[in-house]
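The values are calculated or read from the model by the stated rules, or taken from the named source; none is laboratory data. Source: prediction; values computed, not measured. Quick reminder, even Gly has a Cβ in these numbers, built from the backbone with ideal geometry, and neighbours come from all protein chains shown.
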Amino acid sequence: NLSFKLDKAFQTLKGQGQITEINVASTVKEIRKALIDADVNYKVAKEVTDDIKEKAMGQDVLTSLSPGQLLVKITNDELTGLMGGQSEDIKIDGSPAIILIAGLQGSGKTTFSGKLASYLKRQGRSVMLTACDIYRPAAIDQLKVLGEQVGVEVYAEPENKDAVKIAKAAIEHAKKNNYRIVIVDTAGRLAVDEQMMDEIARLKEALNPSETLFVVDSMTGQDAVNTAKAFNERLNFNGVVLTKLDGDTRGGAALSIRRVVDKPIKFISTGEKMDAIDRFYPDRMASRILGMGDVVTLVEKAQQAFDQEEAARLNKKIRKNQFDFNDFLSQLEQVKKMGNMKDLLGMIPGMGKAIKDIDIDDNSFKPIEAIIRSMTLSERENPDIINASRKNRIAVGSGTSVQQVNQLLKQFSDMRKMMKTMNKMGGGKRALSALN
Ligand code: GDP
Ligand code: MG
């Protein structure tokens, strides 16, 4: 019924003056929630979304054709930038070049060492692996198995309990055998502790690696950030490896870690097999974080609110009794874009009544549109000037009949009367309650 339609109309139109900041704010809030859902650290998510908000406000998001998409793009660009923008390569320097692998136990160091060896070998480099996990004999065997699998020699001294000495001997061995790169796998602990940090720090000092990679399990969420911080303070590593990004791990750790320690993520590990290694691409990770957190959907929902910018403009014209055929046409175009015409048309004040009993399909608007398009601009702005001869011209031009033109003019004039009445009654809510 009419009051129901009007109710809808006012839901759409009311309070439009405040749209801008409120809607950006609420959309940004949704983005923040999604980031947190994607495992981004709360503090980081807040900082990031504050930045996005500022950028969004500066970029005329609200008046753009597709504010939702623009907001998604801003978010995507922001995340990409925060994760370094570009993909960063591993540094290989020295003869041999030393790559030191650090991280907690179970983070995936040994697995990654095997993968990295295989990756570098596929690039045509001569690589050697070294087992410096002196606490678990099984770890040495594990590396040996992986080395065999990828065809890379593994240097080990199972009886030696001094990691630095083993590593130095390994480097001598590499020099003798013309290996250009030595990957040093180390021991981890279940949690950050002094002894482990001490050992890895001593290794770094003794070996002067060209690359110290911190390996972290992306599934550990918030802990990953704290671990990264602790290792970075002690080791000042120069790259991060994110493991276990297979399955539905959401990758928010990438953003948090990069933001907190400001070191590039260089590789990601996506499975237990030796070929499950990839370079890290910030833009891909941004899409992953966005997609997993379902930000796109959330933003699209919020966009429905942004479309009301146009409604706000119309509302203003309605209030000033200036609603004309140009506005009507732009309304029709909106409706065509969005589908479900009857519902949407019902949101235009006065239209609910006019279309209540009409069976509407997409084609029913064609004659209306044709008629309006056959009007001159001044006729659209001021329909009162449309006299008999003008009606004739419009009917011919639009392939309709004078009767159809009359009908539309009548409907339009009814609609404007209705709007005027509502305005007199004080608009918005008060008009509604008067009608109820
Ligand atoms: P380390 O203690 O740091 O040397 O960790 P490991 O390399 O021994 O890995 C610990 C466990 O995680 C092993 O069962 C690995 O197979 C598994 N793992 C390592 N990397 C990945 C990965 O990217 N994805 C999955 N699903 N499992 C992994
Ligand atoms: Mg290991």
Which is away from ligand 1 (no atom under 12 Å from the Cβ) and either touching a residue at least 60 places away in the same chain (Cβ under 8 Å) or within 21 Å of E272 (Cβ to Cβ) (or both), of Y155, Y119? Y119
Of the residues in the stretch 96-129, those that are on the phi < 0 side of the Ramachandran plot, within 12 Å of ligand 2 (Cβ to nearest atom) and crowded, with 19+ Cβ neighbours inside 10 Å number 11
Among the residues of the stretch 197-204, is there at least one that is in contact (Cβ under 8 Å) with a residue 24 or more places away in the chain, surrounded by fewer than 24 Cβ atoms within 10 Å (Cβ to Cβ) and closer than 18 Å to L242 by Cβ? no
I'd like to know if the stretch 166-176 contains one or more residues that are closer than 20 Å to L213 by Cα and within 12 Å of ligand 1 (Cβ to nearest atom). no
Residues that are closer than 27 Å to E30 by Cα and at pLDDT 60 or above: does the stretch 320-331 have at least one? no
Looking only at the stretch 130-142, which residues are surrounded by 20 or more Cβ atoms within 10 Å (Cβ to Cβ) and among the charged types (D, E, K, R)? D133
Test: I134 is assigned by TED's automatic domain parsing to the domain that holds D162, in a loop (DSSP other than H, G, I, E, B) and within 15 Å of ligand 2 (Cβ to nearest atom): yes
For V145, which of the numbered conditions (1) surrounded by fewer than 19 Cβ atoms within 10 Å (Cβ to Cβ); (2) more than 11 Å from ligand 2 (Cβ to nearest atom); (3) part of a loop (DSSP other than H, G, I, E, B) fails to hold? (3)
Are any of the residues in the stretch 235-247 within 14 Å of L104 (Cβ to Cβ), within 12 Å of ligand 1 (Cβ to nearest atom), among the hydrophobic types (A, V, I, L, M, F, W, C) and assigned by TED's automatic domain parsing to the domain that holds K161? yes
